[in-house]
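In what follows, a single structure is set out as C-alpha cells and then discussed.
Values in this text are rule-based calculations from the coordinates and carry no lab data. All values reported here derive from a predicted model rather than from experimental measurement. Cβ: placed from backbone, ideal geometry, glycine included. Neighbour counts: every protein chain shown.
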Amino acid sequence: MLKYTIRRILGMIPMLFLISIVVFSLAKLMPGDSLSGEIDPANTDPQYIAEMRDKLGYNDPVHEQYLRWISNFMQGDFGKSTRYKIPASEIIAERMPNTIFLGLMSLLITYVFAFLMGSYAGRKPYTLGDNFISAFNYIGLALPSFIAGVFAIYIFAFNLGWFPSNGSVDISLEQGTLSYWISRFHHVLLPAIVLGALSTASYTQFLRNDIIENTRKDYVRTARAKGTPEHKIYRSHIMRNSIIPVVTFLGIDIGLLVSGAIITETIFTYPGIGQLFLSSVTQRDYPVLMAITMLLSFLTLFGNLIADILYGIVDPRIRLD
Amino acid sequence: MSNLVHKEASLLEVKNLETAFSIDGAYYNAVDKVSFSIKPGQIVGVVGESGCGKSVLSLSIMQLLPKGNGEIRSGEITFEGVQLNQLSDTEMNRIRGRDISMIFQEPMTSLNPVFTIGYQLQEVLFNHMKISKGDARQKSIALLKSVGISRPEKLVDEYPHQLSGGMRQRVMIAMAIACQPKLLIADEPTTALDVTVQAQILELLKTIQEVNDMSIILITHDLGVIAEMCDEVLVMYAGRIIERSDAESLFYKPMHPYTELLLGAIPKMDEEAGMLSSIEGMVPSLKNMPETGCRFALRCPKVKPECSAVTPLLEEVEEGHSVSCILYETSMPRKGVKP
Ligand SMILES: Nc1ncnc2c1ncn2[C@@H]1O[C@H](COP(=O)(O)OP(=O)(O)O)[C@@H](O)[C@H]1O
Ligand SMILES: [Mg+2]
C-alpha cells in the first residue's frame, strides 16, 4: 500500500508538469496581462507601460518566462497578486481554511444524509418512505446549485431569518471564542447544504439501488440458509458490499472540493477559494488564478489517488500493487 | 439397512406441496402436489432436467423462496413433527443452519466477497451456539480440516476470490455441517465444478453423511451421481414427481418413459451437448404447462391418445417403486376420485 502510494505520487509529477504548461499557456493566451489589470492603460504614459513590460519580463522568450514562473512556483513563490499587491500564496492561505471548512461540512452532511436515507430506502423499497425520499432526491438532482442557492437565501435567510445570507463569520466576534465558532457554523450550514445537495441526492439513490441489487445476490441466500437474522443480513452482508462504491466517491469528492465550491461561495459571498477564483478571473489577477488552477489540478489528482486507496481498503478483491 | 430404516419415523415429510410463482398477477405452480418423506440417515436423490422445479422444491423446504413472487400455496412440510411452513421467519432462523442446511449450485457467488472465510464460517456458529471468539476460530479451522482443506489456519483469513470453485464448495460444505444438522439439502453441488473435483466433493459428502449420520437430499441432473450415492430416488418432471423408487430398482427397471430416456442419456454424458439434452424438446415453462394429462405427453415416445386427457396418479407398482404413467394400470384415476 505504501509503495503503491509513493509510486502514484511520483506518477503525479509529470502530470502536474503538463498541467502547468497548459495553465501557463492559457494565461498567456488570455486577453490583457497583469499589468493592464493593475494600471489604467488609457491614462498612463505608453512609454512607461513599455518600460514596465520590459522590466517585468513580458518581452522575454515564452519558454524563459515559463521557466521563471515554474521555478518560482516550485519554491512556493506564486507571484504577487496584482489586485491585492501581496503574495498570491498569502491570499490563498488566508482563504483556504474557509473553503476546507465548507467542504468538510458539506461532505459530512452529504454522507450522513445519503447513508441514512439510502439505507432506509434500500431496505424498504417501494414504500411510502422510499417514495418520499425519491421525490426529495429528484428535486435535489433537478435543481442547479445556483438556483437552489438563491432560493435557500431567499427563504431561509431573508424570509425566515434562520441563517445569515453572506460571509463566513460575524466579524464583530473575537477569534477563538465559543461564540466565534458557533457563528462560523451558523454561516457555513446553508452553503454546505446547498453545495452537497446534488451529491446527497445522487448518492442516496445510488446506495438504495445498490442495496436492492445486493439483496438478490446468492451470498444473501447463503446467509439466510445459515439462519442469520434479516436485520443482520442488511447491516453486515449487504451494507458492507453497498458502501464500497459510495466510499470511493469520497476520494473524488475531495478532489472536487474546491472547484465545486466556486458557484456556491460566490452566491453566498463566502470568502473562500472558489469565490477568490471567480473574482480573480474578472480582475485578471493572473498570479492568483494560475496558483488556484494548479491547486485544483493537484487536488483532483490527489482525490483520485485517495479514491483508489479507499477502494483498496474497503474491497478485499482489489489489490494495490 | 433399508429394512431397518423404513421402520423409523420420517425426519422430513412433504405432503401435497404446491409452490407457485406469480407472473403477471396469476399464480403458476413450479412444484405441483409433491409428496415424499426422508428417514434419518437416508440419502434421497432428486433427478430431472433443468427447469423441473428441483431448486424450488429445496427452497420451499428451507423457506427461502424469493420474497415477493414465490409462495407455498398449499401442502405441508413437516420436519421432526414441526410444520415448517407455519413458522415465523425468526423461528425458522433457529432451524436453518442448525437442523437443516443447504449448499448451492454456484460456489463462485454463494460466498460473500468482502468477508473472510473464517468470518463466514463463524457466523453460523454464532447464530446457533454460545461460543467465544477464540473457540469459534478454532472450530472453524477444525471444520475446514474436516472437509479436506490442507492449510486451514491460513485459509480462515483468506477471501473467497482467493479460492478455486472446488475449495469454495468445500467451504460451503464446512459451513453447512458446522452445527451437525440432521438434514442437508445439496442442490446440484457439483454441477459447476470440474469432473475430477466433482468426484472428490461427492466422496466428501458421502463420508460426512456416514460420520454424522445425517440425511441428505441430493439434487442433480446426473443419474450417475444418483447411482453412486443414493438410497432412494425421486424423478421429477415439470414440477411433479413422476417416479419414486430405491436406487437399485430404478436402474434395473425404470418404469416411466421419461426415466428410461434419462437412463439412456447417461452414456452420452461426456458429449459437449450436455447430459440430458438428448431427450427431444424442452421442459415447458410455467405459463405453458398443460392443464390436464401427463405433462410429459408432448415429448413422450410412448404417448397414447388418452395421455393428454387423463392426469396419471403416482402409485406403487411394486414394493418401494411407484410411477405416474397410465401405461401402468395403477396410475389410472379411479372412478369418482378426482385426479
Ligand atoms: N424466482 C422465480 N420467478 C419465476 N419463476 C421461477 C423463479 N424461480 C424458478 N422459476 C421457475 O420455476 C421452474 C422450476 O425452476 P427450478 O426449480 O429452478 O428448476 P431446476 O432447479 O429443476 O432446474 C422453472 O420453470 C423456472 O422458470
Ligand atoms: Mg436448480
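Miscellaneous remarks
- Estimated purely from DSSP H runs of n ≥ 4, each contributing -39500 (n - 2.57), the mean residue ellipticity at 222 nm for chain A is -24500 deg cm²/dmol once divided by its residues.
- Panel order for B:Thr191, A:Thr110, by other beta carbons found within 10 Å of each beta carbon, from fewest to most: B:Thr191, A:Thr110.
- Loop-located trypsin sites (Lys or Arg not before Pro) in region A:72-175 whose Cβ has at most 16 other Cβ within 10 Å (DSSP): A:Lys85
- Helix runs (DSSP H) in chain B reaching 24 Å along axis by Cα, Kyte-Doolittle at least -1.0: B:195-212
- At most 16 other Cβ within 10 Å, DSSP loop - GluC sites (Glu not before Pro), region B:104-164: B:Glu158
- Counting Cβ atoms of other protein chains within 10 Å of each Cβ in B:91-102 and taking the mean gives 3.
- Packing order of peptides B:220-226, A:285-291, highest average first: A:285-291, B:220-226 (average count of other Cβ atoms within 10 Å over each peptide's residues).
- For residues of B:123-132, the mean tally of beta carbons on other chains within 10 Å: 3
- Burial ordering of A:Phe78, A:Phe249, fewest other beta-carbon atoms within 10 Å first: A:Phe249, A:Phe78
- Here chain B carries DSSP beta bridges of which approximately 60% are antiparallel, counting only pairs with both residues inside.
- In this structure, the pairs whose alpha-carbon distance is over 24 Å, taken from A:Lys226/B:Lys206; A:Lys232/B:Lys130; A:Lys217/B:Lys145; A:Lys232/B:Lys133; B:Lys253/B:Lys302, are A:Lys217/B:Lys145.
- Alpha-carbon centroids, region A:72-100 and region B:199-236: separation in whole Å: 76
- Span-like helix ranges in chain A, DSSP H, alpha carbon extent 24 angstrom or more, Kyte mean at least 1.0: A:2-29, A:239-267, A:286-314
- With contributions of -39500 (n - 2.57) from each DSSP H run of at least four residues, the per-residue ellipticity at 222 nm computed over chain B stands at -9000 deg cm²/dmol.
- Peptide B:113-119 has a mean of 4 when you count, residue by residue, the C-beta atoms of other protein chains within 10 Å of its C-beta.
- Radius, Kirkwood style, for chain A when every pair of distinct Cα atoms is counted (Å): 22.8
- Net charge, A:Ser89 excluded, C-beta distance under 12 Å - Lys, Arg +1, Asp, Glu -1: -1
- DSSP assigns beta bridges within the protein assembly as shown; of those with both partners inside it, close to 65 percent run antiparallel.
- Euclidean distance between Cα centres, region A:256-287 to region B:51-84, Å: 63
- Entry note, chain B: relative contact order of 19 percent, from Cα contacts under 8 Å with a spacing of 6+ residues.
- Under 5 Å from the amide H of A:Thr44 lies no amide H of any residue 5 or more positions distant or on a separate chain, with H modelled from the backbone and absent for Pro and chain starts.
- Local electrostatic count at B:Glu153 - Lys and Arg +1, Asp and Glu -1, tallied over other residues with Cβ under 14 Å: +3
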